[in-house]
Amino acid sequence: MTEIAVQYASRYIKRQFSDAVGKSLLKTLTEPITNSDDSYRKIIESSQDDGGEVFPITIFIDKTKRLVRITDHAQGMTTAELEEKFKEYGAAKSGAYEGFSSRGIFGQGISDVLFYHREGKIKSVKDGEASICNFYWKKERPFISVEKQKELAEKLAKEWGINSKHGTVAEFVLDNTTIHDYDNLIKKVGVFFMLRLINSSDRRSVQLIYKDQKGTKKSVIRYQFPKGDLVEHKEFTLQFEKYNPVKIDVELYKSSTPLQIVGDERENGLLVHDNKEAVYAQTFFGWDSLPGADKFFGFMKLTGAREIILNKINDPKHPEAILSDSRDGFNTQHDFYKKLALEVKDWLYPILNEERRRRSDEGVSEITKENHRKALEELNKLYAQLTGEDTNGVIRIKKKARPVGGIEFARSNITITAGRRYGLQLFIDTRIIKPSSKISLKSSRGKIGFSPTTIEVHDAPEDSNDILVKTIIVTGANARTADTLEAKSGKRSASVVVSIVSEEIVYPENGIVFSPDYIRTTANRESTLNLYVDLNVIKIGKKISLSSSNNSIALKYRWVVVPRRMRSTSQVAKIEVPFVGKKNDESGIVKANFEDYSAQCRIDIKDRIKPSPTGPTGKFKDWDFDDGVPKHLQTTYDPMLGSPTQGFILINSNHPINRYYFGDNPQKRDVEKSREAQLYLAELILSESLGAMIPEAYQKGAIPQNYGPAIDIPVYIAQKKFEVGPGIYDHFVEEPLAWETRREKQLEEAKQGQTLGDKDLVEGMEDREKQMVEMRFGLNDQRPHTLEEIAQRFEITRERVRQIVNKALAKKYGEYYYSDEDPRDYIKEREKEINFTAKKIVASVAQFYNLSLVEIKKRTRKGTIAHARQIAMYLIRTMIGLSFPSIGRIFGLDHTTVLYAFEKISDGITRDKTLREQIDSIISMIKTPLA
């Protein structure tokens, strides 16, 4: 057997150097600067420092020669020390391994720089000895050569520009790295996150000497952290594997102005460092791009992390990098980062999300916010009714097992509160009770209500072990009574005893739950939250931790102990959680945690006279514009747990139809300016919310299952649109009444015909009338106000405002009649326009290729027809932005076929001049008006 040592290919080694410093001048400079800083820290910690000296680090750059030189006057290195430090790449040689407070973690940092660039060398003076260490490549392998200089150290030190006794110069010629201009470089080096602690230190003086064709310039580089108010100071610990707990100390600040959020000059985020001031990252742990995060910054000190990082990287069997070799921060795939991020994100999210919510609603009137909240509450109420979510919890099985006898309730006895609705799971073994069988339900005494009364068994979902789960809604009217609910299919049956009590009982679906999960209170008043605990999951005597996302919401206790059972049931415990709101107009989240179980309650601290809830509770939390929605979708619902927009209906701000109604880069406040936009918004919200809730309700069996989901769900959506649509529209759209529309036209005609200004239009009116007319129609530089806003201003009803404005205009201009307009026609007209254009595109393509409309839509692979059809699909997509499924419906094809056609033609026109000319000709035909 031949034993061969495996050598690393030179390209692999060079790629390692490139990953570390690459083409980044800032990363390149960071390594020698932090090395110099580490050397000074050794002087300080070895008691050679009097406590007042400022230590210099000089950066010299010759742009023409591409020469870089970093100089310090620290300890320096002898010939032997240079050889020992650099002979082994990646070895544990940084100050961190020698017991000093080193900022460096990896020993190879400066080696990466000197091997990646050209003519790398270190010149150093120590103990009267001057030495040079050269870094170079030979036979595709990295080498160093260390040589003690024969000349006097004092003479060479002066020549090298360092102190006569000790100091070091790192020198190299930049390879293919961009050299920034002088002013830009000062700014970038000053703000670079890995150098901020050095550049802001009173004990360091970093100077840049910059030489180019225009001459030589000098400047001292300083960094000042942004100014802001302290939002929260938090301390907690992180237990990782067998190591000692890491102490985490976080200070989060909020700036009054937005900060840079991307690139090398980014300032938002937490500057993560250890207790030795080694900087690890600048991050918000995944919330970096959250709208509103651009005003927050801060510091996170990790005491004890350094030991873990060093132990992991130097593990002889399985070395692991917690920090990335590319110097970009944490290795986000490592378990240490994942565990740290989980802890921090749970604390950070409510703070940043509250700012995102505030930012999104900026400029939107309180009346509009309240109307939108009411609309979403109505949709949440409908969702709760359809899916059984308007219950005091769903009573689930304690332990998953195959139902005895083929059918079984989750519990053999339950206790419910009179007048409340509960979900009760029924488990069906479809191996025993076959699909298409019917299960009937009935009560023995008629003391309880339940729905449905009949269940038709269908196939169990995949990976369910052939077990079908149905939720039965159960309620009881009168307390201090009991009844039995029986489910029966043929000879097989199951029953549950239902006791009805007056005590409020809530069954937590996920171990613990706050009920209600939203509360509104006033400042300086003690209030109480109700936390319910499932004793089958969390046992009596266990401790549940409590936390608040806002310091203005002060909890009386930081943890609570699970008490004994409630008086009426042995399955649930209730805990009262007292708190005080310190300041009005504050919002936050109170969170309860036990191991993997958690519950949240949203709290608003509001003055009594101000509008209530900042946001609805339930499935649908809010809506917003979002440019991250997939291109082919107009809207989407975000159900993702932990997402910044969880529970939001997101409207694609880039979709061409949405742009038509809302404009480019729309903001929520812009919708108030256009009734057409309000109307279309209502339609989008209604369609998306019904599309999200109806399939779920259908799956739970709450909707009659007649012809299968493909037919039943669209029919039920249409039915619910008809039923609830008008109410939702009323909240989103302030419909212009006939008299208002008449007056708008009348005022406009008077203004145009007589060349009158806004003041002339209201001249002669009484002051109160004048103010109302100006507010209503947006005269004299005011925005148009709603009837509700004017009513609040003058403390009268909406109807009274309408009467006063109508009377004032009638007195000045008399009556005016014309045929009323229905604003809903805007959408109909746009949809007709889109359909007309799509038909015209298909007809034009067919005409160009001498095909009939029947032929171009024919499902055939014949070359000429298929090619023409693909071009028609491409043009419909690019000219009017229809989604791929919508285009597919025109031709009776699947959306994947349309996507293939679109990509094929998109690729073809970049390479085929003839195809490009043909498409240009077809577009000209389409744009030509019909005769």
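Identify all residues within the stretch 411-436 that are within 17 Å of P461 (Cβ to Cβ), part of a loop (DSSP other than H, G, I, E, B) and open to solvent by less than 60 Å² (accessible area, probe 1.4 Å); write none if there are none.
Listed by number, the residues that qualify are T430, I433, P435.
Return the pairs, sorted by first residue and then second, in which the second residue is open to solvent by 80 Å² or more (accessible area, probe 1.4 Å), the first residue lies in the stretch 903-925 and is in the same structural domain as I871 (by the TED database), the beta carbons are less than 6 Å apart, and the residues are 6+ apart or on different chains.
I909/R916
Looking at G393, G363, which is the one that is open to solvent by less than 20 Å² (accessible area, probe 1.4 Å) and outside the structural domain of F285 (by the TED database)?
On inspection, the qualifying residue turns out to be G393.
Looking at this structure, is I351 at pLDDT below 85, of a type in the set (A, V, I, L, M) and open to solvent by 20 Å² or more (accessible area, probe 1.4 Å)?
Against the criterion (at pLDDT below 85, of a type in the set (A, V, I, L, M) and open to solvent by 20 Å² or more (accessible area, probe 1.4 Å)), I351 does not qualify.
What residue, among those in the stretch 133-154 that are open to solvent by 30 Å² or more (accessible area, probe 1.4 Å) and of a type in the set (A, V, I, L, M, F, W, C), is farthest from the chain's Cα centre (by Cα)?
Restricting attention to the stretch 133-154, the residues satisfying the condition of being open to solvent by 30 Å² or more (accessible area, probe 1.4 Å) are 134, 136-152, 154.
From the residues that got through so far, the ones that are of a type in the set (A, V, I, L, M, F, W, C) too are 137, 143-144, 146, 152.
Values: W137: 46, F143: 48, I144: 48, V146: 53, L152: 62 Å.
Only one residue fits best here, namely L152.
For K139, indicate whether it is out of contact with any Gly (no Cβ under 6 Å at 6 or more places or on another chain) and modelled with pLDDT of 90 or more.
Against the criterion (out of contact with any Gly (no Cβ under 6 Å at 6 or more places or on another chain) and modelled with pLDDT of 90 or more), K139 does not qualify.
For the stretch 521-551, give me each residue that is small (G, A, S), part of a loop (DSSP other than H, G, I, E, B) and open to solvent by less than 20 Å² (accessible area, probe 1.4 Å).
The one that is small (G, A, S), part of a loop (DSSP other than H, G, I, E, B) and open to solvent by less than 20 Å² (accessible area, probe 1.4 Å): S549.
If we keep just the residues of the stretch 373-386 that are open to solvent by 20 Å² or more (accessible area, probe 1.4 Å) and out of contact with any helix residue (DSSP H, G or I) (no Cβ under 7 Å at 6 or more places or on another chain), which is modelled with the lowest pLDDT?
Q385
Can you tell me which residue is nearest to M873 (Cα to Cα) among those in the stretch 623-671 that are among the charged types (D, E, K, R) and crowded, with 17+ Cβ neighbours inside 10 Å?
Step by step, filter the stretch 623-671, then rank; the result is D626.
Against the definition (in contact with a strand residue (DSSP E or B) (Cβ under 6 Å, 6 or more places away or on another chain), closer than 17 Å to L270 by Cα, not in a strand (DSSP E or B) and not basic (K, R)), how does P226 come out, yes or no?
The answer is yes for P226.
Could you check the stretch 553-575 and list, in sequence order, the residues that are in a loop (DSSP other than H, G, I, E, B), more than 18 Å from D346 (Cα to Cα), within 35 Å of the chain's Cα centre (by Cα) and of a type outside the set (V, I, T)? Walk me through it before giving the result.
Here is the first cut: in the stretch 553-575, the residues in a loop (DSSP other than H, G, I, E, B) are 556-558, 562-571.
Of the ones still in play, those that are also more than 18 Å from D346 (Cα to Cα) are 556-557, 562-571.
Pick out the ones that are also within 35 Å of the chain's Cα centre (by Cα) and you get 556-557, 562.
Residues satisfying the conditions are K556, Y557.
Go through (1) open to solvent by 60 Å² or more (accessible area, probe 1.4 Å); (2) in a loop (DSSP other than H, G, I, E, B); (3) closer than 30 Å to N244 by Cβ and name the single condition R327 misses.
Going through the list (1) open to solvent by 60 Å² or more (accessible area, probe 1.4 Å); (2) in a loop (DSSP other than H, G, I, E, B); (3) closer than 30 Å to N244 by Cβ, R327 breaks only (1).
Has the stretch 808-829 got any residue that is modelled with pLDDT of 75 or more, aliphatic (A, V, I, L, M) and surrounded by 13 or more Cβ atoms within 10 Å (Cβ to Cβ)? Step through it out loud before you land on a result.
So in the stretch 808-829, the residues modelled with pLDDT of 75 or more come out as 808.
Retained after the next criterion (residues that are aliphatic (A, V, I, L, M)): 808.
Adding the requirement that they be surrounded by 13 or more Cβ atoms within 10 Å (Cβ to Cβ) leaves 808.
Yes, the stretch 808-829 has at least one match.
Can you list the helices (runs of 4 or more DSSP H) lying wholly within the stretch 881-931 that have 3 or more residues being modelled with pLDDT under 85, out of contact with any Ser or Thr (no Cβ under 8 Å at 6 or more places or on another chain) and surrounded by 13 or more Cβ atoms within 10 Å (Cβ to Cβ)? Write out each step before concluding.
Numbers: elements: 884-891, 895-911, 913-927.
Output list reads 884-891, 895-911.
Considering S568, S598, which residue is open to solvent by 40 Å² or more (accessible area, probe 1.4 Å), small (G, A, S) and either touching a helix residue (DSSP H, G or I) at 6+ places or on another chain (Cβ under 9 Å) or not assigned by the TED database to the domain that holds E354 (or both)?
Checking each option against the conditions leaves just S598.
If the Cβ limit is 9 Å and pairs must be 6+ apart or interchain, which residue in the stretch 187-214 that is without any contact (Cβ under 8 Å) to a residue 24 or more places away in the chain and under 22 Å from E53 (Cβ atoms) pairs with which residue that is charged (D, E, K, R) and surrounded by 20 or more Cβ atoms within 10 Å (Cβ to Cβ)?
As it stands, the answer is S201/D37, since those pairs meet every condition given.
Could you tell me which residue of the stretch 579-595 is modelled with the highest pLDDT, considering only residues that are surrounded by fewer than 17 Cβ atoms within 10 Å (Cβ to Cβ) and farther than 19 Å from K542 by Cα?
Result: V580.
Tell me yes or no: at least one residue of the stretch 503-517 is farther than 25 Å from Q425 by Cα, modelled with pLDDT of 85 or more and part of a strand (DSSP E or B).
No, that holds for no residue.
Inside the stretch 130-159, can you point out the residues that are within 21 Å of P32 (Cα to Cα) and in contact (Cβ under 8 Å) with a residue 24 or more places away in the chain?
Listed by number, the residues that qualify are A130, S131, C133, F135, W137, P142, I144, V146, E147, L156, A157.
Taking the condition of being within 22 Å of the chain's Cα centre (by Cα), within 21 Å of T786 (Cβ to Cβ) and touching a residue at least 60 places away in the same chain (Cβ under 8 Å), how many residues in the stretch 642-687 meet it?
Total satisfying the criteria: 4.
Hey, does the stretch 486-499 have a residue that's closer than 24 Å to Y698 by Cβ, outside any loop (DSSP other than H, G, I, E, B) and open to solvent by less than 30 Å² (accessible area, probe 1.4 Å)?
Looking through the stretch 486-499, at least one residue is closer than 24 Å to Y698 by Cβ, outside any loop (DSSP other than H, G, I, E, B) and open to solvent by less than 30 Å² (accessible area, probe 1.4 Å).
Out of the residues in the stretch 309-324 that are assigned to a loop (DSSP other than H, G, I, E, B) and within 25 Å of the chain's Cα centre (by Cα), which is farthest from E241 (Cα to Cα)?
S324
The values are calculated or read from the model by the stated rules, or taken from the named source; none is laboratory data. This is a predicted model, so every value here is computed, not measured. Here Cβ is always computed from backbone atoms with ideal geometry, including for glycine, and neighbour counts include all displayed protein chains. Heads up: the accessible areas ignore ligands, DNA and RNA and are worked out on the full protein's heavy atoms, side chains in. Shrake-Rupley method; radii C 1.70, N 1.55, O 1.52, S 1.80 Å.
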